[in-house]
Each structure stands twice: as C-alpha cells, then as structure tokens.
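What follows draws every value from the coordinates through simple rules; no lab data is involved. It should be emphasised that the depicted structure is a prediction, and the values quoted were computed from it without experimental measurement. All Cβ positions, glycine included, derive from the backbone under ideal geometry; neighbour counts span all protein chains shown.
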Amino acid sequence: MTESWGRRARALLPRIAAGGFDVDVAALMTGSQLSKRLLLLRAAVDQAPSAVGAQWDRLAAVERQDAAAVRDVLSYPTVGIWLRRCLVAPRDPKAPWGYFGTLVRRAEEAAGSGEPAPWAAGRLLAPDGPVLEDRDQLRDPGLPQRQGGLRPTAPLDAEAVAAWGAVWRQGATLLRAVAPARADEAGTLLRCVVPLVGVADPERSATFADAFGLILTTRPRGAFDAAAVVVHELQHTKLYAVADLLPLHEPDPTPRFLAPWRHDPRPIGGLLQGLYAHVALGEYWRDAARSLPPEGGRERAAREAVRCREQVGAALPQLFGEAPLTGAGRTLAAGLAARFDLMDR
C-alpha cells in the first residue's frame, strides 16, 4: 500500500470515526483495497509456477485495452480470498491457480476481447445489487462458524433465490427510508452476499478482511433484520479497510476486554470492531424508532436501540483505560464516544 493512501486515511479518519460516509471516504476504501489487491496479485504471480505467467500476460493485454474491466474483476470480493490462499503456498499443487484463468476470462469477456467465460454468475438481490453469491468456488473464506454447523449453501433453486430477493428488497427499502446515508453506503461498498445455512439455521452473519465488499449471512427473517445485517457488517468492512492503512492499536492478541454482544472476552482489535459496528447498529435502530409509525415496528426498533446503547455503554469506557490504542485508535475512540452521547437523543 502506498504512503499516500495512509495520508488520506489519516485525514479522513475523524470523519470515518464520526460515522460519516461520502465520496471521499468511498474513494479511499475502494481505491486502497484495489491497490492492495494489485500488490498481492503481483506478489503471488512472482512466486507462482511459471505457467501462471502466461495468464498474467493475458491480463496485462486486457488491461491495456480496458483497464476498468480489469479493475472491476479484481475488485470482486472472492478474489481477495483466492489471493490469500495462493500466497500461503504459491507453489503447492493444491494452490487454486486455475481460478486465475477464470478471472482472466471474466476480464476478457467484460472488455469484449474473448469468448464468454464459462462461469456461473451470481444473481442480483435487487435491481441495483448486490449479487447473491451462491456459486463462486471461492465464496467460503474458511468459516469459523463451521464450529456451529454453519456453511455456505449449495447453489440455490429458483424458489430460494426469490425468497432471498424479496427479503433483501424489503430491507433495502426500509434502510433507504430510515437511514438514507447507510443505504448509500451499502450501494457503494456491498458487492455480494453469500448465503449461509446450518442445522438449526441460527441467525448469523460475518465479514472477512480479505473479502472487502462481501457479507456472509443466514437469510434474514424480515426487512428489519436484513437492514440490520447490512448496517452491522459493513462497519466491519469499513474498519478492516482503515486498519489496512492505519494501525489502530498495538499488537496485543490477549482476549481481555468485555464485549456484551458476545459470550467471550475479546482482544483490543475485536473490541474496536464490535464497538464500531454496534454504535452504527444502535443509530440505525434509533432512527427507525423515530421515523416509523407504531404499527410499522417502532416498538421493536426502540427496544433494539436501548439494547445497543446499553451494550456500547458497558464496553466503551475500556477504550479510555489501559487499552493499547495508537493515535489513530484514540481518534476512533473519541468519535465513538461522541456518537454514543447522541444515541438516546
């Protein structure tokens, strides 16, 4: 990552800490993540078997013809998962280098310079996205949720796709009505949703640092939950992007901080992630409670807003004690504290 991305992140950090999202923040996050992908791809190819070089040359030819097509393909969230796996052991026969050929064909197809690529595209959850990604072979980043039996679904049938699309459109409509800035954020950052399934279908969702723009989730029960998943998980996405550019805390993996939204203590990085997400989640529920009629779910939204506020109130003071924060981390903490003061207003 270049030093200029870090300077831009430092300049925008107070705005990000305050929950703001605009064209400058969007450009920082999407641009820096693409830069990261390009650096990782070059590093991976340099260590790959020699045959991979021919694929690189094909991609370079497409880039000369249509750079935007290459950027779009390389920015797709599952590409980050693929790169991480290749970099672990680039010359291992099991490294998924065949996927690189698929990416090159996608870029050629998008640029109009090759035959249609033989890959199964995801289906749009709404007219303006995101994609319901139930087919990409790299859609599983290695889920810790497997411990609870959760895993990505097999490709969905038409009935299941329709059910996902219906609840997602309802959630998008609700989010646009009660928190339009969050809806704009989702429209910019969220590219695909990986459906999860488990034995008991618990309500779970996740994001991963290597897969910027991807959310994994069980199917939300309704509009409120769909919107909440988007708000919650995109905060993790944003903070992962920031942490790639600015260290927010000193290295300390010790799980010693209270996180009321979990049953186990968290390290400082996990606490920051959880607080950033739950402050935004509380703001969403507060805004829903303010704007919805009584028969439209106001009571539930008010209860959820109180729950989030209480959880944040219990966890936030830890950032101002012995938490090993950097200067950037303290800026983030100050922004979260200011937002917490407004959560019940």
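Annotations for the structure displayed:
- Computed packing ranks the peptides 333-344, 130-141 as 130-141, 333-344, most packed first, by mean other Cβ atoms within 10 Å.
- Computed E for E3/A314 - FRET, C-beta separation, R0 56 angstrom, nearest 0.05: 0.90
- Comparing mean-square fluctuations of A51, A26, A328 from a GNM of the chain with C-alpha springs under 10 Å, the top value falls on A51.
- Protection proxy ranking of 92-103, 303-314 - average other beta-carbon atoms within 10 Å, highest first: 303-314, 92-103
- Exposure proxy for H263, H236: other Cβ atoms within 10 Å of each Cβ, ordered fewest to most, give H263, H236.
- Based on Cα contacts under 8 Å between residues 6+ apart, the chain shows a relative contact order of 16 percent.
- Tensor-based shape of the range 232-302 (alpha-carbon gyration tensor, a/c under 1.5 rounded, otherwise prolate or oblate): oblate
- Linear extension gain, R262 paired with A302, 0.36 nm per residue minus alpha-carbon span: 12.3 nm
- Of T326, T30, T218, the one that fluctuates the most in a GNM where the chain has Cα springs shorter than 10 Å: T326
- The convex hull around the C-alpha trace of the range 3-246, projected and averaged over every direction, spans 13.9 square nanometres.
- Modelled label reach - R330, point 7 Å along Cα→Cβ, the range 1-37 residues with backbone N closer than 16 Å: 14
- Near R135, no amide H atom lies under 5 Å from its own; only residues 5 or more places off or on other chains count, and H is placed 1.01 Å from N.
- For the chain, a Gaussian network of Cα nodes joined below 10 Å ranks W285, W82, W56 by mean-square fluctuation, and the top entry is W56.
- Alpha-carbon centroid distance for the pair the range 182-242 / the range 288-304, whole angstrom: 22
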